[in-house]
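Enquirer: Handing you a structure now.
The values are calculated or read from the model by the stated rules, or taken from the named source; none is laboratory data. These numbers were taken from a predicted model, which means no experiment stands behind them. Heads up, the Cβs are rebuilt from the backbone with ideal geometry, glycines too, and the neighbour counts pull from every protein chain shown. With ligands, DNA and RNA removed, areas are computed over all heavy atoms of the protein, side chains included. Shrake-Rupley method; radii C 1.70, N 1.55, O 1.52, S 1.80 Å.
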Amino acid sequence: RATDLYETARVAVAGLFEGEEVTIKASGTINDVSVPRGAVKAELRADLTHDKRRPGNWSVPVRVLVDGTPYHTAWIGLDVELYQELPVLLESAPKGTKLNSAMFALRRVRVADTSAQPLALSLLSDAVAVRAIPAGHVVTERDVERPLAVNANAPVWIEIVHGHIRASVLGNALQSGRIGDLVTVRVEATGKEIQATVTGRDQVTRELNKAR
């Protein structure tokens, strides 16, 4: 039945977006397929071998197998809408604008393109617009230049986190990095080299409960 073909395609595509908010609808007419009687009930199988997670229009091949043998392939058209809670620019920002968190609000938005990764709110502070950005825009790496927060061979404060316990020690960065980057640093007191996440200007954080 057409409903079974649609549901097979829908479930397969939805599985690529596990844990995310998506709406999946048929984008065209789906016709019933007449299937010869077999020893067992015909099997439907969606083939997503070459497809990647993305919103937009899909054409999903659903194979009809009779007694394990391919009998027919139905192409099912689907329209996939992806929604995420992302920082949205409240007012337009001319090229060269230095951004800060107060210029954004978290809102549920429809994501039309996943080729450019949206920036989290924590990564937007001090970023500079490389083009004019309109109000309501979800800012991505393509829209801004993010300054280095840690410079190689410069001193840094290393925050060590273990559960609810936090301590800071002085160290030196062996790599440059922007907020959110993973860099190698050397603890001044011991000479030990560790990896830590850049969390602010001349500051990195290492969580001991995370293997690095």
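Enquirer: For region 2-30, which residues satisfy the criterion of being on the phi < 0 side of the Ramachandran plot and either among the aromatic types (Phe, Trp, Tyr) or part of a loop (DSSP other than H, G, I, E, B) (or both)?
Expert: Of everything in region 2-30, those that are on the phi < 0 side of the Ramachandran plot and either among the aromatic types (Phe, Trp, Tyr) or part of a loop (DSSP other than H, G, I, E, B) (or both) turn out to be Tyr6, Phe17, Glu18, Glu20, Ser27, Gly28, Thr29, Ile30.
Enquirer: Condition (residue is outside any strand (DSSP E or B), open to solvent by 80 Å² or more (accessible area, probe 1.4 Å) and closer than 30 Å to Arg131 by Cα) applied to region 31-53: is it met by at least one residue?
Expert: Scanning region 31-53 turns up at least one residue that is outside any strand (DSSP E or B), open to solvent by 80 Å² or more (accessible area, probe 1.4 Å) and closer than 30 Å to Arg131 by Cα.
Enquirer: Here's another thing I want to ask about it. Is one or more of the residues making up region 16-28 of a type outside the set (Val, Ile, Thr), modelled with pLDDT under 80, open to solvent by 60 Å² or more (accessible area, probe 1.4 Å) and more than 16 Å from the chain's Cα centre (by Cα)?
Expert: No - not one qualifying residue is present in region 16-28.
Enquirer: Keeping to region 161-202, report how many residues are open to solvent by 70 Å² or more (accessible area, probe 1.4 Å) and either closer than 20 Å to Asp126 by Cα or in a loop (DSSP other than H, G, I, E, B) (or both).
Expert: 9
Enquirer: Return the residues of region 54-89 that are open to solvent by less than 20 Å² (accessible area, probe 1.4 Å) and not in a strand (DSSP E or B); say none if nothing qualifies.
Expert: Pro55
Enquirer: Here's a follow-up. Taking region 127-136 on its own, how many of its residues are touching a residue at least 40 places away in the same chain (Cβ under 8 Å) and buried (at least 17 other Cβ atoms within 10 Å of the Cβ)?
Expert: Number of matching residues: 1.
Enquirer: When both residues are 6+ apart or on different chains and their Cβ atoms are under 8 Å apart, which pairs have a first residue that lies in region 144-159 and is assigned to a loop (DSSP other than H, G, I, E, B), and a second that is open to solvent by 10 Å² or more (accessible area, probe 1.4 Å) and of a type in the set (Ser, Thr, Tyr)?
Expert: Leu148/Ser176; Asn151/Ser176; Ala152/Ser176
Enquirer: Moving on. Kindly list the number of the only condition in (1) at pLDDT 90 or above; (2) open to solvent by less than 40 Å² (accessible area, probe 1.4 Å); (3) not in a strand (DSSP E or B) that fails for Ala116.
Expert: Evaluating Ala116 over (1) at pLDDT 90 or above; (2) open to solvent by less than 40 Å² (accessible area, probe 1.4 Å); (3) not in a strand (DSSP E or B) leaves (1) as the failure.
Enquirer: Which of (1) open to solvent by 60 Å² or more (accessible area, probe 1.4 Å); (2) on the phi > 0 side of the Ramachandran plot; (3) not hydroxyl-bearing (Ser, Thr, Tyr) is the odd one out, the single condition Leu106 does not satisfy?
Expert: Among (1) open to solvent by 60 Å² or more (accessible area, probe 1.4 Å); (2) on the phi > 0 side of the Ramachandran plot; (3) not hydroxyl-bearing (Ser, Thr, Tyr), the lone unmet condition for Leu106 is (2).
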